[in-house]
1. Looking only at the stretch A:214-227, decide whether some residue is more than 40 Å from the chain's Cα centre (by Cα) and within 14 Å of chain B (Cβ to nearest Cβ).
2. Give A:Glu204, A:Glu164 a once-over and let me know the one that is within 14 Å of another protein chain (Cβ to nearest Cβ), out of contact with any Ser or Thr (no Cβ under 6 Å at 6 or more places or on another chain) and farther than 19 Å from A:Pro92 by Cα.
3. Only one of (1) under 44 Å from the mean Cα position of the chain (by Cα); (2) touching a residue at least 40 places away in the same chain (Cβ under 8 Å) fails for A:Phe506. Which number is that?
4. Within the stretch A:196-207, can one find any residue that is under 20 Å from A:Val118 (Cα atoms), of a type outside the set (Ser, Thr, Tyr) and within 38 Å of the chain's Cα centre (by Cα)?
5. Does at least one position in the stretch A:434-450 carry a residue that is of a type in the set (A, V, I, L, M), modelled with pLDDT under 90 and assigned to a helix (DSSP H, G or I)?
6. Condition test on B:Leu17, is it modelled with pLDDT of 95 or more, more than 9 Å from chain A (Cβ to nearest Cβ) and not in a helix (DSSP H, G or I)?
7. Residues to consider are A:Glu337, A:Glu291, A:Glu304; find the one that is touching a residue at least 12 places away in the same chain (Cβ under 8 Å) and among the charged types (D, E, K, R).
8. Among the listed residues A:Ile572, A:Ile580, A:Ile516, which satisfies the condition of being farther than 14 Å from A:Ala625 by Cα, among the β-branched types (Val, Ile, Thr) and assigned to a loop (DSSP other than H, G, I, E, B)?
Amino acid sequence: MNSPERQFNALTSDQDKSSNEIKKTTETVDELRPIIETETSISYLGVKLEKAEVRDSQFVPKREQYEDFINDKEVALPLQRDIAVAFLNGEPLLIEGGTSLGKTTTVRKMAAELGYEVHYANLNGATDVEDLMGRYIPNPHKNKPEDPEYIFADGKVTSGLRQEEGKIKIIILDEFNSAAPNILIRLHEVLDALERGGDVILSEDASESISVNKEKTKIVALMNPVGKGYLGREPLDPAQLRRWVYKKMPSELPVSTFSYSTDALFKAGPESQYITPDMFLKSREDALTLEQLSEIPGMREILEKYKEFHKAAKELVKSRKIAEDQSQPFIYDDRMEPRRVRDFVLRFYNGDINEAFQQALRYYYANKLESDVDRKKLEELIRLVEYRPKTIGSQRRGTEREEKLSVGESISKHIEVAIEKLGKENVFGPKEIEKVFGVKIEDVPDIPFSVEELERAKNLNQMLILRVDKTAEGEPMSIKAMSDMLDKKWQDEGKDCLLFEKDCFFFEIYETKDEIWKAFVGKDVFTQESPRPGWALVSKDFLPDSLDKDGLGQTEVVIKTLKEEVFKDLDIPEEYAEAITEFENKKAEIAKLMDECRSGVAQDSGVVQELLQLKIIQLTRQTAAEWVYDVAVYYDINNKKLFVDKLTWLASSTSDGKLSRLGWFSGNGGGFYPIGTCLSRRL
Amino acid sequence: MSKTNDKTSIEKFLSSLAGSKEVGLVIANNQIEYKKFAKILHDLGFHKSDNVTDILKVKKTYFTINQNTEKEVYDFVVQYPTGQIEIFDKKIMQSHIFSPNYKDSAVVLLVDQDHLNKLQAKGFNFLSASGPAYRS
């Protein structure tokens, strides 16, 4: 199976599912816990960081210092999540916010939990480059004449950059916007080296080079807003800011956070807040490769949307339509943001490309904005960055998309997968449809079924067929149109005609073939009804248990098949669940109506209309036009007939209000034929 | 930053600092008041210190600050609430790292208004970095 969706989702095997059921309750509880710690890792709102192997160091903060740390949901938890994302992606993070938010404390608290060293430098006043990068000092260990007079001693930054086995280090650059320009320039050289994964050349130490690794060294810069009571701060040059993942926090604690935190301090409120699932990010165990990324369905489309978004977001900032009140100017960088978004998707793609992209844009774009109004403006644009599979007739949304074989450009690849699962004789895509009806399909819809569904379809003796509703001339693909077209075509090819042969019993009753059709499906259906376009999985025979049952009994068999075979151990799609519920609710009423028909109190047509209006019937039965279309295609391509001596109930009614049934493909039509129900599934 | 305006309550203010996770700030209006406050601090058992690591040795400590105060005091005040303090000694290029023990501890900065203004102007925002403050 080549579908990246399937490959990446790593769907749980059936064997594993029973054990998963047992775990489910615990997992559900765990999923709502904002911080989950194991022996080797900690997840902050789903973003998992590995603990350092070596945690015994004076630079690692002590955990007991943070026992009363309050994990409020508005500031503390999202901040930890966003710091975790930066750590995971190896990105330098610049956080701007008021002093009361506890930025430094939060970083140190996380370091204490993870066993990371903290190398702290406050850049406010009187700090020089050598304090950070190191300098020569008199050798304090000089005992012998041959010992050097001076030795090079690391500064705060260089000590954080040096790699030591098993250690992970965080360099905190506090009050970053108070730093002297020469310090900023030097620090940005360090950032560039980290980004390249190369060496930092220490001009302070005869050009010694230090090999740096962003997996081992994390850099967090913190700063208070310019103005707003904070003196001595200058706005950073937006061009310098581009090196950082910039997170703008409020200048003061939000009122609700202040209230909750204060209550928590006094043990006067709840110990925890309700954490909503949308606050979580879920990091992958292993980042995707670029090759895997390129295979994600919808990537090309969503990239185009992202480009449009980036351009629009830049314009909003440039024209000061957002971030107008923010004293620190910034830009959305043409090179850095796309790279960050890509790296984020590599780390956080979990089967839904829309979700991965939109979360990335919230992280790298919306996080730079302070006001809720600005964030909402950008959020409107973010929501437009969405890939919509071209799925005809489907109302399914959200995570269900990830299980589908839905991809525009690689549809042929997915048809190959379907052929692999169902066999070539059971898959009828655009090529086959063109061969049968001469219709060239320009815009082939995506196959809305997962690989697992196809595998199950094979066991249910189903075929996959692409239906179109127009002929090559643009007329409705009615039974009449198909009959006229195929009878002539097949005659030329030496095949039988569509359903009613000349020696058919029905010609004893009706003058023409058209009249036979009209008798069985009604005039309107015969000339006007077209198949509902899109892909369908269609039974090649009726369901064995559906024989000799009334409309309700047949439907119950269909529902049982859906529950016990088609969707076994899977979530039933919403529209199917709704349809089943509707059926359960109306079953008694229809049964009563049926009884009244049997006793002559009510007309059959009333019952038929009730049945045909049921969503479950519309979702799982072929209409008359669809049935004709399906068996015709199968015969044309495989030269084999279906339903030669049997009939199936349909989702159409005859002119006199009876339920349509068809079959007798080249059969005589006389005598007794079994009638059952097929399962024809669309989405 | 909270402010206590009861002029007679400096003793109460100082006693309330025990266990605080922030450094307290006592602001004198002039040098006469400054000396008066220093005496009260001393009488209440606060140990005057020039070295931030002294907070590990005694429970009640105060530092006097002025426009020439070393940056390390500011770094100390900023980091005090964060659970870990790293003070870098430029002479030997080494960090001293320690964790404050907040329980029953109290740390106070004593400054006069004039020097506080000068420090603030230099960018050392002691008013924001410190916690509870007392002004006569």
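The values are calculated or read from the model by the stated rules, or taken from the named source; none is laboratory data. On a predicted model such as this, the values are computed, not experimentally measured, just so you know. Neighbour counts run over all protein chains shown; Cβ positions are idealised from the backbone, glycine included.
1. Applying the first criterion (more than 40 Å from the chain's Cα centre (by Cα)) to the stretch A:214-227 yields A:227.
Pick out the ones that are also within 14 Å of chain B (Cβ to nearest Cβ) and you get A:227.
For the stretch A:214-227, residues more than 40 Å from the chain's Cα centre (by Cα) and within 14 Å of chain B (Cβ to nearest Cβ): present.
2. Numbers: A:Glu164 fails: within 14 Å of another protein chain (Cβ to nearest Cβ).
The unique qualifying residue is A:Glu204.
3. Result: A:Phe506 fails condition (1) only.
4. First, the residues of the stretch A:196-207 that are under 20 Å from A:Val118 (Cα atoms): A:200.
Subsequent filtering for residues that are of a type outside the set (Ser, Thr, Tyr) retains A:200.
Imposing the further condition that a residue be within 38 Å of the chain's Cα centre (by Cα) reduces the set to none.
Looking for residues that are under 20 Å from A:Val118 (Cα atoms), of a type outside the set (Ser, Thr, Tyr) and within 38 Å of the chain's Cα centre (by Cα), one finds none in the stretch A:196-207, hence no.
5. Within the stretch A:434-450, the subset of a type in the set (A, V, I, L, M) is A:436, A:439, A:441, A:444, A:447.
Checking which are modelled with pLDDT under 90 leaves us with A:441, A:444, A:447.
After this cut, where a residue has to be assigned to a helix (DSSP H, G or I) as well, the list is none.
No, the stretch A:434-450 has no match at all.
6. On the way: modelled with pLDDT of 95 or more: no; more than 9 Å from chain A (Cβ to nearest Cβ): yes; not in a helix (DSSP H, G or I): yes.
For B:Leu17, the condition - modelled with pLDDT of 95 or more, more than 9 Å from chain A (Cβ to nearest Cβ) and not in a helix (DSSP H, G or I) - is not met.
7. On the way: A:Glu291 fails: touching a residue at least 12 places away in the same chain (Cβ under 8 Å); A:Glu304 fails: touching a residue at least 12 places away in the same chain (Cβ under 8 Å).
The match here is A:Glu337.
8. Numbers: A:Ile580 fails: assigned to a loop (DSSP other than H, G, I, E, B); A:Ile516 fails: assigned to a loop (DSSP other than H, G, I, E, B).
Every option except A:Ile572 fails the conditions.
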